[in-house]
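Novice: I have a structure here, written as structure tokens, and I will follow up with some questions on it.
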Amino acid sequence: MELRILHINCNKEWRGGEQVVHAIFNGAFKQCTQFLFCPSNSELANRNTQKSAYLFTYNKKMGLDIIGAIRLKKIINSQQIQLIHLHDAHAINMYYLACFFGVKVPAVIHRHVDYPIKSAWKYKNNRILKIICVSKTVENTVHKYTHNKQKTIVIYSGIAIKKYSAIIENKNLKNELNIPKNNKIIGIVSALEKEKNIAEFCQIAQRIHKEKKEYNFIVIGKGSLFTLYQQQYPFIHFLGFKENIAEVLQQIDVFLFTSKSEGLGMAVIEAMAAQIPIVSHASTAVKEIIEHQKNGYIYATPEEAIKYIYTLLEQPDLKKKITQNALKSIEKFDVSLSNNQLETLYISLLVK
């Protein structure tokens, strides 16, 4: 029996949530045919042009997007969609607007972030069959607003672990950045936005830079604060968005993750898959990934972060042990497993 699933994502940029949607849409599902509805000229649309028969776009408007909702309704009807998978707040709004115009198809919400929920009724509505949470941390937050533990399920987001763990020979980052061969690189992959706490990464980097000139720092990612941080911290290499992220990660010596609020922490999982040791801020979701001093380090203060960075860089045997433990510990975050769990959920909701 074929099940027809429509994913809706209304973001134009490429961040963690969009990576998850992309991995699901391109996953090997046995009983599901998947479709994607997203803005034209969005990163998701541009990366999936080879699946044009299953990809539908619209011209995104700010505010109440009536034209977009009407187009969504037509696609749902023409493609005989049985379940709609909503991946962000704008997607939820678009769905309810389409329901106003007559859409009857039920939906699931995929909660990728750990922010407060502003409109709990959208999650409580009977049209929403399930709320998929990317971590137990997110699930606990959802429960505070929905008061319904039966409606949620935790499915950890996954990555293609082998893509990051395969040894990459082309390692020329130090040459590109004019970093001496024997110097060490401490880095982070993150959107440069206030909630990601990149300011703390920069401050820690500044303190280390004063003590150890042989330690260099890179920040991979874009965001509204890119230019500001680039001007404030000229000794840090701000690389912007990098397509070959697995290749870049393998050239980092320590991954310093400073975000205080994460739905899960996909960047941490990617770094662990690339066998890079992690020093992470003690956010709740990250504790679902890292076991302190076994497969990474969790810090509460900048002083602790600096201590752990020095420990890893000065003790290569310990660093090797930590990265080996980390690679073993992230098997549950493989994308094939998460996609299998999703398909099982779809079947349970639609096949009675």
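Read-outs throughout are calculated quantities, based only on the coordinates presented, and are distinct from any laboratory measurement. What you see is a predicted model, and the numbers here were worked out from it, not measured in a lab. A quick note on method: Cβ atoms are made from the backbone with ideal geometry, for glycine too, and the neighbour counts reach across all protein chains shown.
Novice: What number goes with the only condition from (1) surrounded by fewer than 23 Cβ atoms within 10 Å (Cβ to Cβ); (2) under 30 Å from GLU139 (Cα atoms) that GLU169 does not pass?
Specialist: (2)
Novice: What are the pairs with Cβ atoms under 7 angstrom where one residue, in region 188-212, is among the polar types (S, T, N, Q) and the other, located anywhere, is part of a helix (DSSP H, G or I) and surrounded by 21 or more Cβ atoms within 10 Å (Cβ to Cβ)? Sequence gap at least six, or different chains.
Specialist: SER190/LYS196; SER190/ILE198; SER190/ALA267
Novice: Let me confirm something: among ALA89, ALA120, ALA98, which residue is buried (at least 21 other Cβ atoms within 10 Å of the Cβ) and among the aliphatic types (A, V, I, L, M)?
Specialist: ALA98
Novice: Within region 110-117, is even one residue over 24 Å from LEU337 (Cβ atoms) and among the aliphatic types (A, V, I, L, M)?
Specialist: Taking every residue of region 110-117 in turn, at least one turns out to be over 24 Å from LEU337 (Cβ atoms) and among the aliphatic types (A, V, I, L, M).
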